[in-house]
Amino acid sequence: MSARFLTSMLLALVLSACGQAPELPSPGRMQSVESNRRAQAAFEAGDYARAEAEYRRALRADQAIEDMEGVAVNLLSLALLTPVQS
């Protein structure tokens, strides 16, 4: 095989990957991400009750879509929030 043929095939492969639409996150994943964003904003504003509610909402969303990494992150966030509220 010639170098020109291999270069053409490689270029075609790269360009075909660029033409695919990105995969959209599921509604459950979007809800979890948005709840986490709101929780972080509430935490930074000192509104710990609202932060807890948003972390719990994100936790439920992650449990519903069986996102174990998200579940772990939200449980950790809730655990870290507990001493601040005391």
Show the residue pairs that are 6+ apart or on different chains and have beta-carbon atoms under 6 Å apart, the first residue being within the stretch 35-53 and under 17 Å from VAL71 (Cα atoms), the second being charged (D, E, K, R).
-> SER35/GLU54; SER35/ARG57; ARG38/GLU54; ALA39/GLU54
Taking into account only those residues within the stretch 30-85 that are assigned to a loop (DSSP other than H, G, I, E, B) and hydrophobic (A, V, I, L, M, F, W, C), which is nearest to the chain's Cα centre (by Cα)?
-> ILE65
Determine if the stretch 54-69 includes at least one residue that is within 14 Å of THR82 (Cα to Cα) and among the hydrophobic types (A, V, I, L, M, F, W, C).
-> no
Got a sec? Which of ALA17, ALA21 is at pLDDT below 70 and outside any helix (DSSP H, G or I)?
-> ALA21
Top-ranked residue in the stretch 47-86 [being of a type in the set (S, T, N, Q) and surrounded by fewer than 16 Cβ atoms within 10 Å (Cβ to Cβ); ranked as farthest from SER26 (Cα to Cα)] | SER86
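The values are calculated or read from the model by the stated rules, or taken from the named source; none is laboratory data. Bear in mind the structure is a predicted one, so any value in this text is a computation, not a measurement. We place every Cβ from the backbone using ideal geometry, glycine too, and count neighbours over all the protein chains shown.
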